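Input: a single structure, listed below in structure tokens.
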Amino acid sequence: MIYDVTVLTDSRYLDDSQDPYKHNVYFEDKLVVDSLKNLGLKVTRKAWDDQEFEWSSSRILVFRTTWDYFDRFEEFSEWLSKVSTICTLVNSKDLIHWNIDKHYLKDLDKNDVRIPPTEFIEPNTEITLSELHSKLKWNDTVLKPCISGAARHTYKLNQDNIEDHEAIFQELIKSEAMMLQPFQTRIVSEGEISMMVINGKFTHAILKRAKPGEFRVQDDFGGSVHDYKPSQNEIVFAENAVKACPELPLYARVDMFTDNDGELAVSELELIEPELWFRNFPQAAKQLANAINLKLQS
């Protein structure tokens, strides 16, 4: 059978579940699948590492909830190289490769999209955390890998705990690039805004807040999600951030916040497998389906 679209997940989320988190993943993917089917398209949903599925049987692969890719990065990269030669990817292979590594923040900065001050530390750099903080004259900071997800190896540092994290930093820097940024106080006090943008146009937004005593807003760490009505300035900022990509993504999530200087800034631009909170705004799933259908016809 030939499919117009295959929606990609990972094996943990193939089936519905009584677990609320897994159910949300399944339900949001189902909104996309159903919206595509309602347009008369032939659609299936598969784990990206499915060994039995014939990938050439699908015209378009849509990355939705492949949330184990950063833990299996080498395997994922090999699979991506293979399928990109036989299918159209949404978003594209070039965008995926650009977005996987947070060095892309440099490109946004060059294109006049504000980002937090960021120091990139390349693999095998011989420097300590204390030396970094002294050189940069930063006190409270956040350390994270350049290729990561779900706040993996993300640490809030200050003068009292730098030494406690030195060993893990030295171990990580042997094999992967890291980044250091000043701690952004307003993410804790005001939250982080996620703006969904489809085909370059804003569709909806949510606000993520960290739980008391925590600085990470992800629900993995107890963060909460709230409906959010953005200002026109925030909408323009998000759309401009997406337009600054090497090519226009079919879908994007712009994570943004008010920085320590009171200006809007991008914390992350998610183009690979962003949670898009369709459960808060099901109409956006239809908008994504329409955009995919247009791409099929192009």
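Sorted ascending by nearby beta carbons within 10 Å, beginning with the fewest, Ser11, Ser267, Ser175 become Ser175, Ser11, Ser267. Listed by Cβ neighbour count within 10 Å, with the fewest neighbours leading, Asp29, Asp4, Asp164 appear as Asp164, Asp4, Asp29.
Considered as an equivalent ellipsoid built on the Cα gyration tensor, the chain has semi-axes of 33, 22, 18 Å, the largest given first.
Direction-averaged projected area, Cα convex hull, the stretch 119-183: 3.8 nm², rounded to one decimal. The fraction of Cα-Cα pairs per 10 angstrom bin, counted from 0 for the stretch 56-211, comes to 9, 31, 35, 20, 6, 0 percent, rounded to whole percents.
Ranked by the mean number of other Cβ atoms within 10 Å per residue, highest first, peptides 66-75, 268-277 order as 268-277, 66-75. Placing unit charges on the Cβ atoms only, positive for Lys and Arg and negative for Asp and Glu, gives the chain a dipole magnitude near 1180 debye about its Cα centre.
In a solvent-free Debye calculation with one equal scatterer on each Cα, what is log10 I(q)/I(0) for the stretch 1-82 at q = 0.21, 0.26 Å⁻¹, listed in the order of the q values? For the stretch 1-82, the Cα-only Debye profile gives -1.01, -1.31.
Taken together, the values in this text are just the output of simple stated rules run on the coordinates, not laboratory data. As the structure is a computational prediction, the values presented were derived from the model and not from experiment. Quick reminder, even Gly has a Cβ in these numbers, built from the backbone with ideal geometry, and neighbours come from all protein chains shown.
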